[in-house]
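Structure first, then comments.
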Amino acid sequence: MKNKIVILSALSFVLINAVSAQNKYFTRDGKVSFVSDAPLEKIEAINNKASSVFDASTGQLEFAVLIKAFEFEKDLMQQHFNENYMESDKYPKAVFKGTISNVSTIDFSKPGNIPVTVAGQLTMHGVTKELTATGTFEISESGLAANSSFKINLDDYNISVPKLVRDKIAREVAIEITAHYKKLEPKM
Amino acid sequence: MKRIILIIMGLSFAGLAVAVYLYFKPKSTLHHSRPDFTMTAAKLAEAFEQNEPESNEKYLDKIISVNGVIETLDVGRSGTASLLLQTGNPVMMINCELDKSESIKAKSLTAGQSVKIKGRCAGLLTDVVLTGCIIEE
């Protein structure tokens, strides 16, 4: 009897893993861009190397970027961003871990555009804060694409803006995310 | 007295010119930069796999010349081309974001080809990421 339970548990475990492996999506070239629109200056940067995993069975979504991979138009801006504001030597990554709240209502086999809400935590500059954002899932023959726009407050992440440049850097920064996922091959 | 004033004005103007130049300086490229390190893609991945904090300390922001075999090529979905280099580790490869100037060169490359690339190390996500990459041949 005990043997049967063990075998059944092992089989279920393998099957569950196989099924969830079938439902994992991945990208290593996601795009994250931000705009800081202040009275004196508009600062923009793009990161084309975001890494993200999405598990359609559980709705879990993870997104990570390397701060040093944000590209600015001007060298000096990129330097200040890394050295003074983000301290990227100390905190090289920004990571978001969350869940798509309406995942159970989504049929990933049906092409279409679906509005989604994701709730989770963003860890950046050594600070972790709750973050909720809305976006869209685009399901098509070519796969799954995700888009989202949201705003973050620099103060929330201890990113200090000196008074001298306060008119150049907005306290609230608009962030845009675009990711084209590929389905992960099951490891079995 | 007048001479001193002129000298001070001259220096201030020079200082201002330098500041303005630095402020408006567009992105520099790695075309003329000497790599800080030269190694195989496999060695770079191994270093990060074994000790990420130590590798960050050693390689972040440094210019690394890697040679390896192209796993995949992605030519300009977002306007930038990138290469993925094999490392022997199926999960961790070298993800090279190419400098805009290399997009044309990139089009003549194919998966399975050996290349030598120099880029600036941004760190480790799933792969080791290099940015501003120049194809060295």
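Identify the single condition in (1) of a type in the set (D, E, K, R); (2) within 14 Å of another protein chain (Cβ to nearest Cβ); (3) closer than 26 Å to A:SER142 by Cα that B:LYS107 does not satisfy, given that it satisfies every other one.
B:LYS107 satisfies all of (1) of a type in the set (D, E, K, R); (2) within 14 Å of another protein chain (Cβ to nearest Cβ); (3) closer than 26 Å to A:SER142 by Cα except (2).
With the condition kept exactly as written, say whether any residue in the range A:121-136 is hydrophobic (A, V, I, L, M, F, W, C), over 13 Å from the mean Cα position of the chain (by Cα) and buried (at least 18 other Cβ atoms within 10 Å of the Cβ). Even if it seems obvious, please write down each step before you answer.
Residues of the range A:121-136 that are hydrophobic (A, V, I, L, M, F, W, C), as a first pass: A:122, A:124, A:127, A:131, A:133.
Keeping just the survivors that are over 13 Å from the mean Cα position of the chain (by Cα) gives A:127.
From what's left, buried (at least 18 other Cβ atoms within 10 Å of the Cβ): none.
No: the range A:121-136 contains no residue that is hydrophobic (A, V, I, L, M, F, W, C), over 13 Å from the mean Cα position of the chain (by Cα) and buried (at least 18 other Cβ atoms within 10 Å of the Cβ).
Using the structure shown, decide if B:GLY123 is open to solvent by less than 10 Å² (accessible area, probe 1.4 Å), part of a strand (DSSP E or B), in contact (Cβ under 8 Å) with a residue 60 or more places away in the chain and within 12 Å of another protein chain (Cβ to nearest Cβ). Walk me through how you get there before you give the answer.
On the way: open to solvent by less than 10 Å² (accessible area, probe 1.4 Å): yes; part of a strand (DSSP E or B): yes; in contact (Cβ under 8 Å) with a residue 60 or more places away in the chain: yes; within 12 Å of another protein chain (Cβ to nearest Cβ): yes.
Criteria met by B:GLY123.
Applying the selection to the range B:61-77, what residues are open to solvent by less than 60 Å² (accessible area, probe 1.4 Å), of a type outside the set (A, V, I, L, M) and within 14 Å of another protein chain (Cβ to nearest Cβ)?
The initial filter retains those residues of the range B:61-77 that are open to solvent by less than 60 Å² (accessible area, probe 1.4 Å), namely B:63-66, B:68-70, B:73-74, B:76.
Then keep just the ones that are of a type outside the set (A, V, I, L, M); that gives B:65, B:68, B:74, B:76.
Scanning the range B:61-77 gives B:ASP74, B:GLY76.
Consider only pairs whose beta carbons are under 8 Å apart and that are at least six residues apart or on different chains; among these, list those whose first residue lies in the range A:61-84 and is over 23 Å from A:PHE96 (Cα atoms) and whose second residue is among the aromatic types (Phe, Trp, Tyr) and part of a helix (DSSP H, G or I).
Close Cβ pairs satisfying both conditions: A:LYS74/B:TYR23; A:LYS74/B:PHE24; A:LEU76/B:TYR23.
In the range A:99-110, which residue that is open to solvent by 40 Å² or more (accessible area, probe 1.4 Å) and under 28 Å from A:LEU154 (Cα atoms) is modelled with the lowest pLDDT?
A:SER101
So, in the range B:22-36, of the ones that are under 17 Å from the mean Cα position of the chain (by Cα) and within 14 Å of another protein chain (Cβ to nearest Cβ), which residue ends up surrounded by the fewest Cβ atoms within 10 Å (Cβ to Cβ)? Don't jump to the end; show me each part of the working.
Step one: list which residues in the range B:22-36 are under 17 Å from the mean Cα position of the chain (by Cα), which gives B:26-36.
Subsequent filtering for residues that are within 14 Å of another protein chain (Cβ to nearest Cβ) retains B:26-30, B:33.
Working: B:PRO26: 9, B:LYS27: 14, B:SER28: 11, B:THR29: 14, B:LEU30: 20, B:SER33: 13.
Only one residue tops the list, namely B:PRO26.
Can B:SER55 be described as open to solvent by less than 70 Å² (accessible area, probe 1.4 Å), within 14 Å of chain A (Cβ to nearest Cβ), at pLDDT below 95 and under 17 Å from the mean Cα position of the chain (by Cα)? Step through it out loud before you land on a result.
Numbers: open to solvent by less than 70 Å² (accessible area, probe 1.4 Å): yes; within 14 Å of chain A (Cβ to nearest Cβ): yes; at pLDDT below 95: no; under 17 Å from the mean Cα position of the chain (by Cα): yes.
Judged against the criteria, B:SER55 is not a match.
Can you name the residue in the range B:14-36 that is of a type in the set (Gly, Ala, Ser) and part of a helix (DSSP H, G or I) and is also nearest to B:GLY112 (Cα to Cα) among such residues?
Filtering the range B:14-36 for residues of a type in the set (Gly, Ala, Ser) gives B:14-15, B:17, B:19, B:28, B:33.
Among the residues that remain, those that are also part of a helix (DSSP H, G or I) are: B:14-15, B:17, B:19.
On the way: B:ALA14: 52, B:GLY15: 51, B:ALA17: 49, B:ALA19: 46 Å.
Applying the filter and picking the extreme gives B:ALA19.
Can we say B:MET39 is among the hydrophobic types (A, V, I, L, M, F, W, C), surrounded by 11 or more Cβ atoms within 10 Å (Cβ to Cβ) and either in contact (Cβ under 8 Å) with a residue 24 or more places away in the chain or not in a strand (DSSP E or B) (or both)?
Working: among the hydrophobic types (A, V, I, L, M, F, W, C): yes; surrounded by 11 or more Cβ atoms within 10 Å (Cβ to Cβ): yes; either in contact (Cβ under 8 Å) with a residue 24 or more places away in the chain or not in a strand (DSSP E or B) (or both): yes.
Considered against the rule, which asks whether it is among the hydrophobic types (A, V, I, L, M, F, W, C), surrounded by 11 or more Cβ atoms within 10 Å (Cβ to Cβ) and either in contact (Cβ under 8 Å) with a residue 24 or more places away in the chain or not in a strand (DSSP E or B) (or both), B:MET39 comes out as yes.
Among the residues of the range B:79-119, count how many are among the hydroxyl-bearing types (Ser, Thr, Tyr), assigned to a loop (DSSP other than H, G, I, E, B) and open to solvent by less than 50 Å² (accessible area, probe 1.4 Å).
From the range B:79-119, those among the hydroxyl-bearing types (Ser, Thr, Tyr) are B:80, B:82, B:87, B:101, B:103, B:108, B:110, B:114; that's our starting set.
Okay, now just the ones that are also assigned to a loop (DSSP other than H, G, I, E, B), so B:80, B:87, B:108, B:110.
Remaining after also requiring open to solvent by less than 50 Å² (accessible area, probe 1.4 Å): B:80, B:87.
Final tally of qualifying residues: 2.
Would you mind stating whether B:LYS118 is out of contact with any Cys (no Cβ under 8 Å at 6 or more places or on another chain) and among the basic types (Lys, Arg)? Give the steps one after another, and end with the answer.
Details: out of contact with any Cys (no Cβ under 8 Å at 6 or more places or on another chain): no; among the basic types (Lys, Arg): yes.
No: the conditions fail for B:LYS118.
Between a first residue in the range A:171-184 that is closer than 14 Å to A:TYR157 by Cα and modelled with pLDDT under 90 and a second residue that is among the polar types (S, T, N, Q) and in a strand (DSSP E or B), which pairs have beta carbons less than 6 Å apart while being 6 or more apart in sequence or on different chains?
Qualifying pairs under 6 Å: A:GLU172/A:ASN153.
Quickly run through the range B:51-78 and pick out the residues that are closer than 25 Å to B:SER114 by Cα and in a helix (DSSP H, G or I). Full working, then the answer.
Quick first cut of the range B:51-78, residues closer than 25 Å to B:SER114 by Cα only: B:55, B:59-78.
Matches in the range B:51-78: B:SER55, B:TYR59.
For the range A:80-98, which positions are surrounded by 15 or more Cβ atoms within 10 Å (Cβ to Cβ) and not in a loop (DSSP other than H, G, I, E, B)?
The answer is A:HIS80, A:PHE81, A:ASN82, A:TYR85, A:LYS93, A:ALA94, A:VAL95, A:PHE96, A:LYS97, A:GLY98.
Quick check on the range A:26-69: of everything there that is in a loop (DSSP other than H, G, I, E, B) and open to solvent by 40 Å² or more (accessible area, probe 1.4 Å), which residue is nearest to the other protein chains (Cβ to nearest Cβ)? Outline the logic, then answer.
Residues of the range A:26-69 in a loop (DSSP other than H, G, I, E, B): A:38-41, A:56-59.
Applying the additional criterion that residues be open to solvent by 40 Å² or more (accessible area, probe 1.4 Å) yields A:39-40, A:57-58.
Numbers: A:PRO39: 18, A:LEU40: 13, A:SER57: 20, A:THR58: 19 Å.
Going through the qualifying residues, I end up with A:LEU40.
The values are calculated or read from the model by the stated rules, or taken from the named source; none is laboratory data. What you see is a predicted model; the values in this text were computed from it and never measured. A quick note on method: Cβ atoms are made from the backbone with ideal geometry, for glycine too, and the neighbour counts reach across all protein chains shown. Calculation scope for accessible area: heavy atoms of the full protein, side chains included, ligands and nucleic acids excluded. Shrake-Rupley method; radii C 1.70, N 1.55, O 1.52, S 1.80 Å.
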